[in-house]
2 protein chains.
Amino acid sequence: MAIQRSEIVAEALNLLDAAGIEGLTMRGLAQRLQIQAPSLYWHFPSKQALMDSMSDALMEGVAREVSPSASCDERILQVAREIRSALLSRRDGAQVFSGTFVPTENVLRVGESLICALRDGGLDPGPAHWSAFSILYYILGFVIEEQGMAALDTAAFDAKKKALQKMYQAQFPNAFAAAEAVLSSDPDIRFTFGIKHLIGGLRLDGNSQHE
Amino acid sequence: MAIQRSEIVAEALNLLDAAGIEGLTMRGLAQRLQIQAPSLYWHFPSKQALMDSMSDALMEGVAREVSPSASCDERILQVAREIRSALLSRRDGAQVFSGTFVPTENVLRVGESLICALRDGGLDPGPAHWSAFSILYYILGFVIEEQGMAALDTAAFDAKKKALQKMYQAQFPNAFAAAEAVLSSDPDIRFTFGIKHLIGGLRLDGNSQHE
DNA sequence: ACCTGAACACCGTTCAAGT
DNA sequence: ACCTGAACACCGTTCAAGT
């Protein structure tokens, strides 16, 4: 019985979880599927095409039901959190997703939900569109860094801290404080704080813009 | 006469320009330097360490002289443009820079300049700090995508457009319009529009917040 | 239509040994 | 201190051939 494209993608995500993006190899994937590596090239023209499908699959459950009664802020916050969760759900998920723009159904639906909420918030098409990208890039950048830090072993982590200590703290006091925060504060809290601030800056109707 | 670390980094950037991130190999670099690949491991413990140095070198000329007379908005805009230029100055520069946080002098100076401008704009340390990350992530995400699109040959580019056409335009009208814009509009204009809107949302003193 | 065997042209990294 | 030769353990991809 022939193997399904969807099975390959699902198993590729399992391999990603188990071995990280470095360990995501065509040979390793083939082995898990009990086929030979070249067979994969009948289903996908390249590893990149497979990773594009993985990116789409990552967004499978995101923005499925966006509560229409919620405020625009809340809808954006909800979708943003769902995107982050989806990227975090697999090791190095953000790195897989990053890179090239993939105009597939799941990705477009996520984009649509963000832009819709922004438009409902009173933004014109242009600003809504740029704002959606700002939000996506923020999430992607945040999670790439988050998963990158998580991938460091304690030795590498300490090395980073050491490198930072070696800089003159007095020379770049603000950047130093920011770097320390990245290395030590709770990412959930950082994410919520940052995304709320980003949303709060978008001048949507109905948020406390003038206070 | 022994080779300098800085020569290796400089040549690595040249190789990046010539061959892209896929073609950036220790063997290829060694050849350009007229040494053998294993010799590089006396100077750098790993390829990643070399790429960290490349990231730092990319930021070499950024935020060197930020005009103190300019408004906060203008200073941020200037630094943002310098960062984008720096990333664009080498093929796949944004991808090299992306990934792990590198707390080196050039990187910290760039961060410092952004946070300083934000603080001068009246932001408290926390918001200034998150806003700086939002701006950095926006730029990084933008340029990764920009360079990713540039790397597509015309066949791959057309394939993306075709994939987009195959989606029901009516299903995701806003995302569709946004995707079309990414594929066809001038990146310089898109960048300026997006970053200005992002800065404009930060509620700095002295910009037209209430209009 | 779907898969394999064998091969091509590479990788990053280690390590003993050279100078 | 700095570099080499040889090797280890891999890669993505192609392609003729099998079923």
Along the stretch B:69-86, Karplus-curve 3J(HN,Hα) (6.51, -1.76, 1.60; θ = phi - 60°) to the nearest Hz, with x for Gly and Pro, reads 7, 5, 5, 4, 3, 5, 5, 5, 4, 4, 5, 4, 5, 5, 4, 4, 4, 4
Shortest first, in nm, what separates the label point of B:GLY122 from those of the same position in the other copies (7 Å along Cα→Cβ)?
-> 1.8
Step through the residues of the stretch B:93-106 one at a time and calculate ³J(HN,Hα) from phi using the Karplus curve (6.51 cos²θ - 1.76 cosθ + 1.60, θ = phi - 60°), rounding each to whole Hz and writing x for Gly and Pro.
-> x, 5, 5, 5, 5, 5, x, 8, 5, 10, x, 9, 4, 5
Phi to ³J(HN,Hα) by Karplus 6.51 cos²θ - 1.76 cosθ + 1.60 over the stretch A:34-40, Hz, x for Gly, Pro = 6, 10, 8, 3, x, 4, 4
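Could you give the length gained by full extension between B:SER89 and B:GLU60, i.e. 0.36 nm per residue of separation minus their alpha carbon distance, to one decimal place?
Length gained between B:SER89 and B:GLU60: 9.3 nm.
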May I ask you to report, in nm to one decimal and beginning with the shortest, the distances from A:ILE35 to the same position in the other copies, taking label points 7 Å along Cα-to-Cβ?
-> 4.5
Quantify how strongly other chains surround peptide A:165-176 by giving the mean number of their Cβ atoms within 10 Å of each of its Cβ atoms.
-> 5
Please work out which residue of chain A brings its Cβ closest to the axis of the rotation superposing A onto B, and round that distance to whole Å.
-> A:GLY201, 2
Under the Kirkwood approximation for Rh and a Cα-based Rg, what ratio Rg/Rh is obtained for the stretch A:5-45?
-> 0.93
Across A:SER113, A:SER134, A:SER184, the residue with the highest GNM fluctuation in chain A (Cα network, 10 Å cutoff) is A:SER184
Tally Lys and Arg at +1 and Asp and Glu at -1 over the other residues with C-beta under 10 Å from the C-beta of A:PRO68: what net charge comes out?
-> -1
Rounded if a/c under 1.5, otherwise prolate or oblate - the protein assembly as shown, Cα gyration tensor axes = oblate
Given the options A:LEU87, A:LEU50, A:LEU114, state which has the largest fluctuation in a GNM of chain A using a 10 Å cut-off (strictly under) for Cα springs.
-> A:LEU50
Computed lengthening from A:ASP158 to A:PHE193, 0.36 nm per intervening residue step minus Cα-Cα distance | 10.0 nm
In whole Å, what is the distance between the alpha-carbon centres of the stretch A:28-68 and the stretch B:116-173?
-> 23
Over all Cα pairs of the stretch B:72-209, the Kirkwood radius sets Rh, and Rg/Rh then becomes 1.03
For B:LYS47, go through the lysines and keep the ones whose alpha-carbon is under 24 Å away, minus same-chain ones fewer than eight residues off.
-> A:LYS47, A:LYS160, A:LYS161, A:LYS162, A:LYS166
Where is the GNM fluctuation largest for chain A (alpha-carbon springs, 10 angstrom cutoff): A:TYR168, A:TYR41, A:TYR138?
-> A:TYR168
Position B:GLN171, label points 7 Å along Cα→Cβ, spacing to each other copy in nm (shortest first, one decimal) = 5.3
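Any read-out appearing in this document is the output of simple, stated calculations on the displayed coordinates, not a laboratory observation. Bear in mind that the values here come from a model prediction, so they are computed numbers and not experimental data. Note: ideal-geometry Cβ built from the backbone for every residue, glycine included; neighbour counts use all protein chains shown.
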